[in-house]
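Structure first, commentary second.
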Amino acid sequence: MFYPISLNPFLSFSVTHITLLNIFNFHLELKMAYSGLTEFIADLQNKGELHRINTYVDPVLEITEVTDRITKTGGKALLFENTGTDFPVLINAFGSDNRMAMALGSEDISKTVAEIESIFKEISDTTFIKKISTLPGLFKITGYLPTRINRKGTCQQVINQVPDLDILPVLKCWPHDGGRFITLPMVHTVHPETGKTNVGMYRMQILDNKTTAMHWQRHKTGANHFEAWKKLNKRMPVSVALGGDPVYAYSATAPLPENINEYILAGFLRRKKVKLVRCITNDLYVPCNADIIIEGYVDPSEEMVREGPFGDHTGFYSLTDWYPKFHVTCITHSKKAVYPAIIVGIPPKEDAWFTRTTEKIFLSPFKMVIQPEIEDFHMPEPGVAHNLVIVKIKKTYPGQGMKVISSLFGAGQMMFTKYLVVVSGNINIRKYKELLIHILANANFESDLIFSHGPLDVLDHSSDCFSFGGKAGLDATIKLPEEIRNTDFNSSFRKQENLDYMRMWFNDSFIKSFNINLLNEGIPVLILSVDTFEDSGVIGKVRDLLRLKDKSGLIRLILVADHTVDINDYFIVAWQILGNSDPQRDHEFVSSSSVLLDGTIKVYHNRGFPRKWPNVVCSDISTIKSIDDKWESMGFGSFIPSPSLSYIKLCRGGADEIIV
């Protein structure tokens with residue numbers, strides 16, 4: 001499952017808070033609601049945010065290759081008008097700050113953030129909360145709750161009760177994907193006993209023209225609803241919406257608590273209640289202005305189907321696993337329907353803007369409900385959301401950093417985080433070099449680094465056990481007098497004679513390359529590359545070498561990557577280290593003040609690895625060449641080479657292999 005489909009909702013706050021947030025809608029100005037993707041596309045066109053492509057581009061592999069080039073170079077939204085079907089494909093629609101703001105109906109997302117901040121400040125008045133908490137029917141007095149209408153919607157202008165999924169331009173994104181996948185579906189389910197509804201994003205692999213796999217992971221609400229229907233031994237109704245107002249897609253990925261209707265958030269953001277219509281072949285309700293609706297059911301008594309592989313937002317293939325089968329009973333759509341899609345893979349991709357928006361919009365609820373001392377939080381793109389989270393706090397007492405770490409590792413779906421770093425003081429957590437200097441100046445690895453085990457995202461491939469593995473928390477807050485245990489460590493590396501001497505350390509053949517550029521800047525971080533296939537015990541040799549040579553602990557952090565990694569590309573190094581490491585298993589204390597992190601492929605280690613290790617996600621050479629040949633006809637102007645040409649060398653065992 002890729003990122004917006006499996007967006008890690010790191011927040012979880014109460015029904016009361018969501019309700020109160022809606023009560024204060026009088027603070028907010030009216031915002032534009034789109035009647036469907038056609039209207040959104042017209043607005044994108046008017047604002048110079050859309051590129052139309054009339055050349056035929058195959059939904060199988062080719063649309064992905066074009067989009068990957070455009071997304072990674074900050075290009076426009078793309079409308080593929082010639083797809084071999086009656087439906088154009090809209091993609092990269094959320095792939096910029098401007099387009100994300102447009103999707104939410106705001107010229108500037110920061111204005112929405114300021115409004116929410118103001119609302120939560122008022123809510124924080126305990127006297128105020130006490131006064132209104134006794135009001136009956138609190139939801140009924142809010143203006144933007146979804147409403148059901150007793151007529152057909154525009155999403156039902158065309159009704160196909162003999163459904164055929166082949167009418168849709170469903171993408172096959174990457175060469176080793178198990179098939180074509182619906183990648184931006186809003187999957188509607190209902191709990192059979194409570195009646196609570198959910199809209200989640202779960203990728204859907206096309207099995208044939210009437211069935212798909214339904215990839216709701218074990219931690220997701222859709223899976224919880226499925227288990228409830230299974231206990232009753234009844235068919236589970238499921239309906240899938242595609243398109244409509246783009247705010248729906250964001251709301252379906254937003255970190256709302258379970259059993260809170262996503263269309264409440266959509267109505268709040270849009271300042272207009274969402275109108276829902278009943279489906280044709282089941283009793284679920286879907287947005288009347290969606291572009292396409294796929295109705296059907298899941299039969300819990302059926303055997304699971306094999307789903308995957310899929311080139312995921314982690315940048316690696318998620319391998320095959322067993323998931324329920326979805327049977328299609330009806331497909332409806334508007335007369336001007338557009339098929340929406342998104343691709344994921346090696347970051348950054350379009351899903352990065354979903355993450356950035358969530359960071360901004362949900363900071364105030366995050367502070368109020370989870371930890372009031374939190375000032376900011378950030379999920380850097382190389383960490384693909386769940387591998388690394390940076391949290392900045394307002395520190396007032398000793399041990400507060402550790403307290404926040406302990407609390408957040410158990411807070412909602414923050415439980416999936418592998419590396420959690422807490423900082424304090426006047427630091428911009430989005431300026432990474434500044435952040436790194438701050439961390440090394442304020443963290444003593446011997447006393448400020450804690451390791452544990454816990455649940456992981458099911459997409460994590462580095463842990464010994466599926467969806468369970470190691471975690472690390474680092475307290476890099478500015479220390480108070482009571483917390484200072486040992487100041488005998490270097491936070492910088494400034495002696496040129498030491499640097500000159502160090503170059504001689506790495507003449508050993510088992511070290512393939514080294515990067516001392518950060519050391520040149522006085523930042524005690526060393527990056528090395530090795531070949532674990534050639535020498536399965538090489539990590540131990542690196543550790544022993546550094547223990548022998550760096551007895552004074554001049555280097556604080558050593559990052560070890562595979563020899564195929566460009567260790568001068570800090571983004572790729574960070575992505576590889578974070579994705580390929582289990583924090584507890586793969587750290588080595590070189591000294592009391594220095595730590596080595598092993599970000600290499602583990603299947604080649606002398607201790608072996610108990611699971612299959614997936615390859616990285618890249619286009620194949622024939623697809624790259626096909627798009628190269630079509631480039632001029634697509635009207636982009638300057639040629640953009642394929643990003644996959646830089647990543648193919650990361651594919652161990654060859655680009656034609658799905659497993660390393």
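The residues of the stretch 32-48 that are touching an Asp or Glu at 6+ places or on another chain (Cβ under 9 Å) and either farther than 29 Å from LEU276 by Cβ or of a type in the set (A, V, I, L, M, F, W, C) (or both), listed by number, are MET32, ALA33, LEU37, PHE40. Annotation for the stretch 244-256: no member residue is under 20 Å from ASP86 (Cβ atoms) and either within 21 Å of the chain's Cα centre (by Cα) or basic (Lys, Arg) (or both). Taking the stretch 96-207 as the region of interest, none of the helices (runs of 4 or more DSSP H) fully inside it holds 2 or more residues being within 28 Å of TYR323 (Cα to Cα), of a type outside the set (D, E, K, R) and at pLDDT below 90.
Quick check on the stretch 408-442: of everything there that is among the small types (Gly, Ala, Ser) and either at pLDDT below 95 or not in a loop (DSSP other than H, G, I, E, B) (or both), which residue is surrounded by the most Cβ atoms within 10 Å (Cβ to Cβ)?
Across the stretch 408-442, the extreme among qualifying residues is SER424.
Listed here are the residues, each with its yes/no results for (1) under 18 Å from the mean Cα position of the chain (by Cα); (2) surrounded by fewer than 21 Cβ atoms within 10 Å (Cβ to Cβ); (3) hydrophobic (A, V, I, L, M, F, W, C); (4) part of a loop (DSSP other than H, G, I, E, B).
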residue: LYS336; (1), (2), (3), (4): no, yes, no, yes
residue: PRO347; (1), (2), (3), (4): yes, no, no, yes
residue: GLU359; (1), (2), (3), (4): yes, yes, no, no
residue: PRO372; (1), (2), (3), (4): no, yes, no, yes
residue: GLU375; (1), (2), (3), (4): no, yes, no, no
residue: VAL389; (1), (2), (3), (4): yes, no, yes, no
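Does ASN615 qualify as being polar (S, T, N, Q) and in contact (Cβ under 8 Å) with a residue 60 or more places away in the chain? Yes, satisfied. Being modelled with pLDDT of 95 or more, surrounded by fewer than 24 Cβ atoms within 10 Å (Cβ to Cβ), of a type outside the set (Asp, Glu) and touching a Cys at 6+ places or on another chain (Cβ under 7 Å) is true of THR281. Taking (1) under 24 Å from CYS155 (Cβ atoms); (2) over 20 Å from the mean Cα position of the chain (by Cα); (3) modelled with pLDDT of 95 or more; (4) not hydroxyl-bearing (Ser, Thr, Tyr) in turn, ALA93 satisfies each apart from (2). LYS541 satisfies every condition listed in (1) assigned to a helix (DSSP H, G or I); (2) within 18 Å of THR600 (Cα to Cα); (3) in contact (Cβ under 8 Å) with a residue 40 or more places away in the chain; (4) not acidic (Asp, Glu) except (3).
Results for (1) surrounded by fewer than 20 Cβ atoms within 10 Å (Cβ to Cβ); (2) more than 30 Å from ASN387 (Cβ to Cβ), shown as yes or no for each residue.
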residue: GLU227; (1), (2): yes, no
residue: GLY244; (1), (2): no, yes
residue: TYR248; (1), (2): no, no
residue: ASP291; (1), (2): no, yes
residue: VAL298; (1), (2): no, yes
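Consider the stretch 145-204 and keep the residues that are under 23 Å from PHE354 (Cβ atoms) and among the polar types (S, T, N, Q). The one that is surrounded by the most Cβ atoms within 10 Å (Cβ to Cβ) is THR189. Residue count for the stretch 457-493 under the criterion of being surrounded by 13 or more Cβ atoms within 10 Å (Cβ to Cβ) and at pLDDT below 75: the result is 5.
For the stretch 585-602, which positions are farther than 20 Å from ARG547 by Cβ and either assigned to a loop (DSSP other than H, G, I, E, B) or free of Cβ contacts under 8 Å to residues at least 12 places away in the same chain (or both)?
Correct list: ILE601 only.
Answer yes or no: is there a residue in the stretch 348-361 that is of a type in the set (Asp, Glu), out of contact with any strand residue (DSSP E or B) (no Cβ under 7 Å at 6 or more places or on another chain) and touching a residue at least 40 places away in the same chain (Cβ under 8 Å). Checked the stretch 348-361: at least one residue is of a type in the set (Asp, Glu), out of contact with any strand residue (DSSP E or B) (no Cβ under 7 Å at 6 or more places or on another chain) and touching a residue at least 40 places away in the same chain (Cβ under 8 Å). For the stretch 603-620, the condition of being outside any helix (DSSP H, G or I), over 27 Å from the mean Cα position of the chain (by Cα) and crowded, with 21+ Cβ neighbours inside 10 Å holds for none of the residues.
Of everything listed in (1) surrounded by 22 or more Cβ atoms within 10 Å (Cβ to Cβ); (2) touching a residue at least 40 places away in the same chain (Cβ under 8 Å), the single unmet condition for LEU526 is (2). Candidates ASP535, ASP582: the one that is more than 20 Å from ILE437 (Cα to Cα), of a type in the set (D, E, K, R) and touching a Ser or Thr at 6+ places or on another chain (Cβ under 6 Å) is ASP582.
Taken together, the residues in the stretch 39-69 that are under 24 Å from SER619 (Cα atoms), surrounded by 21 or more Cβ atoms within 10 Å (Cβ to Cβ) and β-branched (Val, Ile, Thr) amount to 6.
The values are calculated or read from the model by the stated rules, or taken from the named source; none is laboratory data. Please read these numbers as outputs of a predicted model, since none were measured by experiment. Cβ: placed from backbone, ideal geometry, glycine included. Neighbour counts: every protein chain shown.
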